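The values are calculated or read from the model by the stated rules, or taken from the named source; none is laboratory data. Just so we're clear, the structure is a prediction, and the values are computed from it rather than from any experiment. Here the Cβ positions follow ideal geometry from the backbone for every residue, glycine too, while neighbour counts run over all protein chains shown. Note: accessible area is taken over every heavy atom of the protein model, side chains too, but ligands, DNA and RNA are not part of it. Shrake-Rupley method; radii C 1.70, N 1.55, O 1.52, S 1.80 Å.
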Amino acid sequence: MSTFNAIGVAASGVTVYRKWLDAVSDNIANIDNVTRTSDKAFQARYVIAQEAQDGNGAQVGGVALGSAEGVLVHEPDNPLADTQGYVRRPDIDLGSQMAQLMMAQRAYQANLSVVDRAKDSYTAAINLGK
Amino acid sequence: MFNDVSSSALRVAVAGLSARQTAIAQNIANIETPGYQARKVKFEEALSTAVDHGASPSSVTPSVQNSLEPSRLNGSNVNLDEETLSHVDTTMRYQLTLRALDSKYSMLRTAITGG
């Protein structure tokens, strides 16, 4: 256990939710990618949070990938369209990505305010005996 | 001189509140961890029983229990409102306890230096 343990624990949470935010923004940035039907669609990434191995905070346990199948869309004018006029687009729901974004953002803020309050406690402890 | 009941009770309280502070940080860090069970640190009852019965407060160690809150859909049962309030409360108690400890020490310092 380090001296300023609570700050380290909250920092690990901040890192997890920053990665989560990165993953969601990447998913949204690629939401309209178009690929040939012979290729895979863009796969959304979902961060899986996990309790840290040493029991101090959280960590990213892994990443789950969305469907490589995507959805087939009829766009005959698209230069990537196959002979039947289909292209592949990722199967990502913007609404659910926005919900994830908000959730990760709030969790990020919650962890940062823990750092803030823990700092007040540690400052009081440092000033003991002055 | 440093091991009177009130000093050691205050030291145990500081240790307990510090453990609670870390547990709350741990719970908030794992708020979206699937299957995570929130932890609660308890020491007040044991400390007050020890003081009431004239036992040494320094034998009291904080105990960690899993929270009995209902789990959310992802299996985590961290309640952010409760954790936040409890953290504010813990921070203030911690500072109050430190202030009390500080007054004990300043009395000792007065005795040592002769005012």
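Quick look at the numbers
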item: Close pairs from the stretch B:100-115: first free of Cβ contacts under 8 Å to residues at least 40 places away in the same chain, partner in a helix (DSSP H, G or I), Cβ under 7 Å, at least 6 apart; result: none
item: Residue pairs meeting the criteria (Cβ under 9 Å; at least 6 apart or on separate chains; first part of a helix (DSSP H, G or I), in the stretch B:56-71; second surrounded by fewer than 14 Cβ atoms within 10 Å (Cβ to Cβ)); result: B:PRO57/B:SER6; B:SER58/B:ASN3
item: Residues of the stretch A:26-43 that turn out to be open to solvent by less than 60 Å² (accessible area, probe 1.4 Å) and outside any loop (DSSP other than H, G, I, E, B), as a count; result: 4
item: Residue list for the stretch A:32-54, restricted to those being within 19 Å of A:TYR17 (Cβ to Cβ) and among the small types (Gly, Ala, Ser); result: A:ALA44, A:ALA49, A:ALA52
item: Cβ pairs under 6 Å, 6+ apart, first in the stretch A:72-87 and more than 8 Å from A:ARG36 (Cα to Cα), second among the aromatic types (Phe, Trp, Tyr); result: A:LEU72/A:TYR86; A:HIS74/A:TYR86
item: Hey, A:ARG18 within 14 Å of chain B (Cβ to nearest Cβ), open to solvent by 80 Å² or more (accessible area, probe 1.4 Å) and in contact with a helix residue (DSSP H, G or I) (Cβ under 8 Å, 6 or more places away or on another chain) or not; result: yes
item: Selection within the stretch A:70-81 - open to solvent by 50 Å² or more (accessible area, probe 1.4 Å) and of a type outside the set (A, V, I, L, M, F, W, C); result: A:HIS74, A:PRO76, A:ASP77, A:PRO79
item: Whichever residue in the stretch A:1-15 is hydroxyl-bearing (Ser, Thr, Tyr) and under 18 Å from A:GLN53 (Cβ atoms) and, among such residues, is most open to solvent (accessible area, probe 1.4 Å); result: A:SER2
item: Of all residues making up the stretch B:66-115, the number that are open to solvent by less than 30 Å² (accessible area, probe 1.4 Å), within 16 Å of A:ALA107 (Cβ to Cβ), out of contact with any Phe, Trp or Tyr (no Cβ under 8 Å at 6 or more places or on another chain) and not charged (D, E, K, R); result: 1
item: Verdict on B:ASN77 being farther than 22 Å from A:ALA10 by Cα and at pLDDT below 95; result: no
item: Selection from the stretch A:88-97 of residues that are touching a residue at least 12 places away in the same chain (Cβ under 8 Å) and in a helix (DSSP H, G or I); result: A:LEU94, A:GLN97
item: Selection from the stretch A:104-130 of residues that are within 8 Å of chain B (Cβ to nearest Cβ), assigned to a helix (DSSP H, G or I), open to solvent by less than 70 Å² (accessible area, probe 1.4 Å) and farther than 13 Å from A:LEU21 by Cβ; result: A:ALA110, A:SER113, A:VAL114, A:ARG117, A:ALA118, A:SER121, A:ALA124, A:ALA125
item: Given (1) surrounded by fewer than 19 Cβ atoms within 10 Å (Cβ to Cβ); (2) of a type in the set (S, T, N, Q); (3) touching an Asp or Glu at 6+ places or on another chain (Cβ under 6 Å), index of the condition B:THR33 fails; result: (1)
item: Residue in the stretch A:50-71 that is charged (D, E, K, R), within 14 Å of chain B (Cβ to nearest Cβ), without any contact (Cβ under 8 Å) to a residue 40 or more places away in the chain and under 30 Å from B:ARG109 (Cβ atoms) present; result: no
item: Pairs with Cβ under 7 Å, 6+ apart, first in the stretch A:17-41 and closer than 30 Å to A:GLU51 by Cβ, second assigned to a helix (DSSP H, G or I) and among the aromatic types (Phe, Trp, Tyr); result: A:TYR17/A:TYR108; A:ARG18/A:TYR108; A:LEU21/A:TYR108
